C-alpha cells in the first residue's frame with residue numbers, strides 16, 4: 001500500500017504533466033514564443049515541453065485543439081469517477097504524441113530533449129521521495 005503523501009505527490013506530478021503539454025499555448029506571447037517563466041519558479045512547469053520552440057500560429061491553433069480534445073476526455077473520465085492512473089497516463093502520452101506530430105523535425109528534436117529532461121527530473125523526484133518515505 002502506498003504512503004498517503006507519496007500518493008498525493010504522484011497525483012500532483014500527473015496533474016503537472018497535464019499542464020505541461022497544454023498551458024504553453026495559452027500563455028504564449030504575440031511572437032509565438034513562450035514567455036520567460038523562470039522568474040516565476042516555473043522552470044519545471046507548463047513551458048517545459050515546448051521550451052525553446054517557436055510555434056507558428058497554425059501550430060498554436062492545432063495544438064490548442066489537441067489539448068482541448070484531450071482535456072475534455074480527461075475531465076469526463078475524472079467526473080465519472082475514473083481514477084485509473086494508467087488510463088490517464090495513456091491519454092497524456094497520446095496527447096504528447098499528437099502534439100509532437102504537429103511539430104517540424106527540428107522542433108521534434110527539441111521537444112524530445114525537453115521530454116527526456118522532464119522524465120529525468122520526475123525520476124529524481126520519485127527517488128528522493130522514496131528515500132524520504134523509507135526513513
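Size descriptors for the range 52-135, from the alpha-carbon set: Rg then Dmax equal 15.9, 51 Å.
Summarising the label geometry, the points placed 7 Å from Cα in the beta-carbon direction at residue 86 and residue 127 lie 2.5 nm from one another.
Note on residue 112 and residue 56: the model spin-label points, each 7 Å out from Cα along the C-beta direction, lie 2.2 nm apart.
Quick note: the coordinates plus some simple rules give every number you see, no bench work behind them. Worth saying up front: this structure is predicted, and the values here are computed from it rather than measured. Here the Cβ is made from the backbone with ideal geometry for all residues, glycine too, and neighbour counts use every protein chain on show.
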